[in-house]
Every structure is written in C-alpha cells, then in structure tokens.
Amino acid sequence: MASGPLPLMQGTLDVLVLRVLTQGPMHGYGVATLIHERTDGDLAVEDAALYQALHRLDRQGLVEAEWAPSENNRRARYYTLTRAGRRRLREEAANWRRYSRAVEAVLEGI
Amino acid sequence: MSEARKPLWYLRRRPGSVASEVDEELATHLQMRVEELMGRGLRADEARREALRQFGDLEFTRRYCRTEDQRKETHVQRGLFVEELWQDLRISLRGLIRVPMLTLTILMTVGLGIGATTVIFSAVDAALLRPLPYADPGRLVRIYTDTPPFKFPFSVADYQTLEAQQTRFTQVAGYQNRSMAYSDGVSAELLRGRVVSWTYFDVLGLKPLLGRTFTSADSQPGNPLAVIVSYSFWQQRLGGRRDAAGQTIKLDGNDYVVAGVLPQTVGPLEQRQDFFAAERWGTPPRKGPFFITALGRLRSETERPLAADELRAINRRMFPLWKVSYQDDKATWSAMDLREYVAGDVGTIAGLSLAAVALVWLIACANASNLLIARVTSRRRELSVRAALGASRGRVVRYLLAESALLAAGASAIGIALAWAGIRLVRVAGAEYLPRTQEIVLGRPSLALMAVMAVGSVLLFGLIPAVHGTGGSVDESLRSATRSATGSPAVRRLRRLLVGSQFAIATPLLVVAGLLLVSLSALQRVDLGFDSRNLLTGSIRLPPAGYQQPGSVQGFWDELQRRLQAVPGVSGVAFADGRPPNEVNNFNNFDLEDFPAGPGQSQPVSPWLAVTPEFFHVMGLSLLQGRLIDERDAQRPNLEAVVVDRAWARRFFPNGSALGKRFKEGGCTTCPWTEVVGIVSEAKYVGLDKPDEGTVYAPWSGSFSRFLVVRTTAPPASVLPAVQRTIRELDASAPLSSVATIDELVARSLQTPRSLSALIGGFAVVALTLSMIGIYGVMAYYVQQHSKDIGIRLALGAARSDVLRHVVGQGMTLVASGTVVGLLTAIVATRLMASLLFGVGAIDPATFAGVFVLVLVVALLACAGPAARATAVQPATVLRNE
C-alpha cells in the first residue's frame, strides 16, 4: 500500500457523511472519528471540510441538526439523516458504484 | 418529529443565535479533540496546537457555516410565514362560520358600503370628473350671454357675429334642439333632433361612421337640406344599409339628404338624439330670440383669458347695432368649460349621495370593529394561552388580522358584485338624474377606490380589535380571564367611543334624509293653482311642408278643436305653447309704461304663454278682474292685449290694480302698447319648487307646433285612443307626442327629489340600524359583565327599577352624546345642500328635534332588551356561581 492518506475527491465527502449518519444521530466530532476509523486513515478528511459539509447538508435539508447532551454530558450539536438525505445517499451510492465499476473495468489487467 | 406538528413558535431563533451556535459547536469539537490528544499523552498547549492544525482553516469554516445556517434560517422563516398565514386563514374561516350572524352582518353591511360607494363614485366620476369623450376636450367651451344669475343661449344674430369676428377659436359651432316629424310614407313619428351649424361635428371632432360631416355648402340656401342621423336611427329606420348615405328622408314634410351616419358611441351632447340637420337660420330681423347653444374650440387652452376678453369685446361692438330690439347693456359674453356645462347642476346631488354612501361604509366598519372587539374580548383567554405558549404579540395580531382580512375580502367580493349590478342599473335608470351615464364603467379609478376601501376596512375594523386583543400582560389576562372580568377599561372606552361615533355619523344622515322628506312632502302639497285631475296633454307638430297655404295652419287647429270637442268624454279643448308644471318654452322681457327700465337696468322678464281663449276655462283658472283673451285679440297683427296672473299684478303693481296698465314687449320700442286686459289666478309653469313670480298669457295664433290640453269627464286613459284617432283622421303626418296627464307630469317632476330622498333615506335607515346593533351589543355585553355587580346590588336591597334606570342610563348617555355631536355636525353640513331643499330651512328645528327623538326612542328600544335581562338577574344564582 502506498504511504500517506489519499486526497479526497470533490463531492465524495458529502456521501461519506450521509453514510456515517445512517448509524444514527451523531455530532461532528463523532462523524470525524468514525470516518477516520472506517478508512483506517486512508482518506484525509480535514475537520474544516467536514463541518462545512455538515452545515451544507443541513441547509439542503438532507440532515437535521439539534442540540442534545453528549455522552460525557456536554451540549453538542447532533445531526440526523432526514428522509431526503437517505434518498440522496442511495442515489449517490449507486452513482459511485457505477463510476467505480467503470473505472475498474478500464483499469482491469494492470 | 416532523416540522409541521411542532408548535410553530418553538422553531423561532433569536437573531444572532446562528453565529453563537456555530461558535459553540466548533468550540465543543476542538475541546473534544484536545481531550483526545491529551489522552494520548500530549501536553495541554501541544494538544491545543495539534487540534487546531488538524482542523484546518478555522476562520473560513466559521464564516462558511454561519452563511449556510443563515440561508437555511431565512428559508425556514419564509416557509413558516406562508404556512402560518395559511393556517391563520383556515382557523379564522372556521371561527367565522361558527358565528354566522356576526359574519353575515359584517359582510352585508360593509359589502353594501363598498359596493354602493363604488357605484356612486363611478357615476360621479363619469358625470363630473372624467374629460369629455371628444377630441382634445380641454379646449372645448360653451359660449353664452352672461347676466348673473342667468346664462342665456345665443340668438342667430349673436352666433353669426361671433362666427364672423372671433379669432381665438379654431372654430365655433351652435345648435338648437328641435323635434321633427319623421315620415316613412305610411305613418309619422316625432323624433328628437337638433339643428346644428355645419361646423358642429368638426368642433367636437366627431367622425361619421358612414358618409361625411357637414360642409358650409349644407347651410347655403338653394342647396338640398342635409341631415346626419344617429346610429340607432340608421339601424331602426334605414335598415342599417351601407348605402344609406345619399338617401333622401322626409322630416317635417321636407326632403333631407342623409349626409352621414354617426357611430354607435357618441359624446354626451349627441346621446339620445335621432338626427342632426344642417341649419338654415338665415338673416335675423332682430336680435332675439335666444335659442342657440354656442360651442367653441380654443386655439390653445392657455388662450382662455384672451378668448374671454375677445368675447366681451365682440359683444360690446355689436350692442349698438341691435339697440332697437335689445337694451340689456349689462349682459356680457362669457365662456365656460364644456364639461362643466354638460355636468350641469348635479354637483350637490352627487356630492350628497357620495357622502351618504361613504358614511354608511364608515359606520359599517365602526360596527364591524365593535362586534369584533367584543369577539376578541370574549376570546381573550384563548389568546392569552397562545401568548403564554410563546406566540409573539405580532403573531397574535396577525392571527386576528387574518380574520379581519377574510371579512374584508368577503365584503369586497360582495361589494364588487353589488357594484357590477349597480352600475348596470345606474346606466339604465340614472339617465334621468345624471349626465353621461352611458360612460359609467367599473374603470381604474373605481377599482382603485374599491381597493382602498377594502384595505381601509381591514385597518378600520381589524387593527383596533387586534391591538386590543394583545394588550395587557399575559399573566394578568390569564388570571383575570378565569374570573368574570369586566374587560379592560381601555377596551370599554374604545367600544363606547365606536358606538358614539356610529350615532354621530348616523344622525346627520337622518337629518339630511328628514329634510329631503320634508321638502318632498312640501313639494307634493304645492298648489298647482288648478284641478289637475282629468287633464290630458300632448304635443302636436304640423309638417310645415304640408301647410304652405295661407290660413291652412289656423284651419287645421280650428278643425281639430271642433272635432275633439265632439269626442265622448271630452269636456274642453285648448292649445298653448307650454304646460304645467315645468314646461314653459318662452320667457319674454317687457318695459312697463309706468316704470320704464333706466339706462343700465335690465327689463323685467316673465314666463310667457301663448294660449287659446278656452285655455283658462279648460285649466280651471278663475278670472279675478277684467276679461279673458278672445278670438279678436288673436286676430290682431300686433300683441295688444294680454292677461296676467295675480302674482304678476302683485309683483309690479302692489299698491293698485294692474288692469289697463301697458308695456312694450320683447325689447321692441316701435311696437304699439300692449295692455293688461285681465287678471287670473296663478298656476305653476316653471316648476313646483319655484315661487309664483308672475305669468303673462298672450293670445295664441296659428303656428306649427303646440301643446294640446284636453279636460275629460272620464279617466284620461280611456279617452286618449279616441283623441289620437281624431288627430290621425285629420292629418296622419301630425302625430300626438309626449302624451301625459298633468298628474303624470307632476309626478315626473318630483322624480328626482323622490329618488334622492329614497336613496338617502335608505342609507340613513341602514346607518341607524347599524347604530342600534352597536348599542345593543355594547349594552348586552355590559349587562353580562356586570351581572355580578347587579346581583350584589339587588342582594343589598336595590330596587329592580333602580337597576333598570342605571343600565338604560348608561346606554342612553352614550347615545345622546353621539347624537348631539351628530346634530352639531348636521348644522354645518346641511347648509351645503340648501339648494336641494324646498319649503324648509337647512336648520329646520322640527326636523332636528324629530331626528333627535327618533334616535333616542329607537336606541331606547335597543337598550330595553339588555336592561330587561339586567333586572331579571337572580342575586342568589349569580353569587352562587362565584
């Protein structure tokens, strides 16, 4: 495996965030941690970009934000996937798979 | 949790909260990251640096997130607003349906106010405000002889001088009304026509639909007579054929060439005219008579003063030339806006009607406001709960305004429907009272007014209750609402003020209606001076072409007189050139031998009737002195003998008999003396509302057109067919037109005052009814809220009559003060309508007192119900309920 995390492709982060939120309401720090764990650190997700994505998704109505107490009793902003968010995730995931299959087909045999 | 189910006000964020929430979120994140790093063994300051490094561009992210959140917030707010508005409207609608009486009262009364005001405004707009529908109407004027207070038409001599000498007008024109008999070869009918100068259509800028307008050749003797016909004449009598221009038609027995056909839409001057014949006025032998309405088109609107100077100068120049037949050197020439002339004197009537309907609207709004305040007050608890749950004051105001807006929208819809129907009605029925009714439309000014009234309604009856619905602290309202509150003092004061204003508005309306009714009844009681029953009249016009032989005209009238006398049911037949109560066609001036008019003095003028000797007997006028006119008087070439009425004799000879007195008539200085040979009782010829200022009866000798007056022994309607048959047998081309009994003519002359008093009276009744509803509502509420006090009073030994007196006194104080304000207003206002009154002063004490008593009695009735309920209060029940 090549060393160092991969840079993130444009638009991919939104899908990742939506995917992570299918597991239930989560605050930004939780999302960041989960993405880091899921990819073993292979994808370089800046916290800044993550928060921008969360607020963008909130504005688009794909997630909903609400203040609630965190696990260690802090007030944290929890994000929940909305129905529209779930639909968007399905579409984007399908797109992503087609894309990656197409690229894979071309690269096959190397 | 879906957004729609949340109480709406929960979602509201305070301004600035977006920024602080983003800050808090990012701070929390960094804090968590620092803790994580310290958990891995970093020092606090190292962990902090590392967390910031990992985060990336913090400042940009902060700005980015804030912007995103703000955009979302705006979007949500907007959505909420629409949703809330929709919800408010739905709830309001349901609420209003639950109180149908209240809703209907408000809808109908405010709707009536809006609709009626719009109709009358549209009529006033068409009659008085809008420019005339002619080309460049600002330059059109009417030119007249000015001898205040009269504006006299021109004579042929005047008109021809004006035409020859004026330089300030691009063109001048003149017209005279003249009915002519149109004959299609089988039967004849008398049609409304006009004799016009050839310039008439050019001055007004009217283009014919077919054919051409007149040219100067049409007025030259020797050329064929020319006529331009109206669209309806063309349709009905010429079959609407395209080749109608150039055809020849018979008018008064003469051949006229149809030069052109007018389009369907014409100006107010051409309305209801059947044809326009080019004049053949010829060269006048003397200055009078005066029958031409002169019009002019100014070269430019700014030349008006110059034109006025020129008119005065021309008149001064021509005065010496006609000195023999015209001596009034105080008369000058003047010009007025043609629009003003067309509008006539309807200004007062129009203004009065408009004011009346606008006041009804205002009173309807005050009433609605009052009813809605009561509604809000009784719902105070519900509103307080809403406020306690977090609804902002603005939110509650909006909720209450939604209700008013719904009501105003409904009322406006009703108003539009009423206006639509009303305008159609006025266009048909209003022509009797107003000029230019054909031009009434629901146009932009009317719609603008309606929109203003709709919005005004919302503000008038919406804002006050809404503001009061939210007044006071929530806490206080909640606590007081659980007990039987008496409503806040401010609300009570406001309601009393509203009811007081209702009476203050209704009272002047009632006074005006009362004065109009008193006038009407005075008019109806006017003594015509004769027995008006069984008097049949009509107009006959001989076609001049058929009566060119000397003596043939007189022969026709003599023969007609003889034959009509023989008709069963006819007891007397006479001819005259005028008829009661308001159709006198001639006013003449005269110079008395005993009191000659000095230089610079105008000669006296009287209504002047030419009558046959039988006239006095047929009408039933009694001879007081001297003798009546006889056949011999009529045969003399000069006017040597006249009969005058008592008023004339009193006016000029108050201290002696007028019998045998002499004068020169019509400005003629060379004619022989005319002598007063008899004095008869008065009769009305210039209108019921005019005082008897003296009438002169001259002997009548044959002329082409006269009124027929027939006294019948049977009902006139049953005799009429035989009369008409007799005339037709004698000459089928001389039809009897404008047939009416004198009673019908009297009724017709009362139509305008009658309709006006019905209109204003109707609105006054509506206003009074609304005021009654207002005072009833306030008193019923008062009793309901004070039942505890009343119960305690009764328990402490107050007599029920004391309670009654107290409650009634409360209401009547309010009514009386409103009414007094109204009466004071009326004293100022009725002066403006003095010109409409007859036989009663503008400040008639009896009418004012009558209205005061009427209002108090009706208000007493309205207060009686609530007062009775107050006395029926059972102290034990009330106190137990506490």
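Quick notes on this one:
- Of the residues in the stretch A:88-109, none is part of a helix (DSSP H, G or I), touching a strand residue (DSSP E or B) at 6+ places or on another chain (Cβ under 8 Å) and within 14 Å of chain B (Cβ to nearest Cβ).
- Boolean, B:I629 is on the phi < 0 side of the Ramachandran plot and out of contact with any Pro (no Cβ under 6 Å at 6 or more places or on another chain): no
This table checks each residue for (1) at pLDDT 80 or above; (2) among the basic types (K, R).
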{"site": "B:W361", "(1), (2)": "yes, no"}
{"site": "B:N367", "(1), (2)": "yes, no"}
{"site": "B:R379", "(1), (2)": "no, yes"}
{"site": "B:A391", "(1), (2)": "no, no"}
{"site": "B:G394", "(1), (2)": "no, no"}
{"site": "B:S404", "(1), (2)": "yes, no"}
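- Whichever residue in the stretch B:201-237 is more than 22 Å from B:G267 (Cα to Cα) and free of Cβ contacts under 8 Å to residues at least 60 places away in the same chain and, among such residues, is surrounded by the fewest Cβ atoms within 10 Å (Cβ to Cβ): B:G222
- Residue count for the stretch B:36-48, restricted to those that are surrounded by 14 or more Cβ atoms within 10 Å (Cβ to Cβ) and part of a helix (DSSP H, G or I): 5
- Among the residues listed as A:L50, A:L57, the single one being closer than 18 Å to B:L37 by Cβ and at pLDDT 85 or above: A:L50
- In summary, strands (runs of 3 or more DSSP E) completely within the stretch B:137-246 and bearing 3 or more residues that are touching an Asp or Glu at 6+ places or on another chain (Cβ under 8 Å) occur at B:140-147, B:169-177, B:180-183, B:193-196, B:225-229.
- Applying the criterion of being in a loop (DSSP other than H, G, I, E, B) and free of Cβ contacts under 8 Å to residues at least 12 places away in the same chain to the residues of the stretch B:827-875, the residue that is farthest from B:M779 (Cα to Cα) is B:G841.
- Taken across the stretch A:39-57, residues that are more than 10 Å from chain B (Cβ to nearest Cβ), touching a residue at least 60 places away in the same chain (Cβ under 8 Å) and either of a type in the set (A, V, I, L, M, F, W, C) or not in a helix (DSSP H, G or I) (or both) do not occur at all.
- Qualifying positions in the stretch B:16-71 - facing another protein chain (nearest Cβ under 10 Å), in contact with a helix residue (DSSP H, G or I) (Cβ under 7 Å, 6 or more places away or on another chain), of a type in the set (D, E, K, R) and under 15 Å from A:D47 (Cα atoms): B:E25, B:R33, B:D57, B:R62
- Residues of the stretch B:307-345 satisfying the condition of being among the β-branched types (V, I, T) and modelled with pLDDT of 85 or more: B:I314, B:T332, B:V342
- Any chance B:V266 is more than 22 Å from B:R436 (Cβ to Cβ) and of a type in the set (V, I, T): no
Table: residues versus (1) more than 40 Å from the chain's Cα centre (by Cα); (2) in contact (Cβ under 8 Å) with a residue 60 or more places away in the chain; (3) farther than 30 Å from B:V172 by Cβ; (4) surrounded by 17 or more Cβ atoms within 10 Å (Cβ to Cβ).
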site: B:K323; (1), (2), (3), (4): yes, no, no, no
site: B:D328; (1), (2), (3), (4): no, yes, no, yes
site: B:L362; (1), (2), (3), (4): no, yes, yes, yes
site: B:L372; (1), (2), (3), (4): no, yes, yes, yes
site: B:E382; (1), (2), (3), (4): yes, no, yes, no
site: B:A391; (1), (2), (3), (4): yes, yes, yes, yes
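Residue by residue, here is whether (1) surrounded by 20 or more Cβ atoms within 10 Å (Cβ to Cβ); (2) out of contact with any Asp or Glu (no Cβ under 7 Å at 6 or more places or on another chain); (3) without any contact (Cβ under 8 Å) to a residue 60 or more places away in the chain holds:
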{"position": "B:V686", "(1), (2), (3)": "no, yes, no"}
{"position": "B:P691", "(1), (2), (3)": "no, yes, yes"}
{"position": "B:P699", "(1), (2), (3)": "yes, no, no"}
{"position": "B:S703", "(1), (2), (3)": "no, yes, no"}
{"position": "B:L708", "(1), (2), (3)": "yes, yes, no"}
{"position": "B:R711", "(1), (2), (3)": "yes, yes, no"}
{"position": "B:P716", "(1), (2), (3)": "yes, yes, no"}
{"position": "B:A722", "(1), (2), (3)": "no, yes, no"}
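The values are calculated or read from the model by the stated rules, or taken from the named source; none is laboratory data. Note that this is a predicted model, so its numbers are computed, not measured. Backbone-built Cβ (ideal geometry, glycine too); neighbour counts: all protein chains shown.
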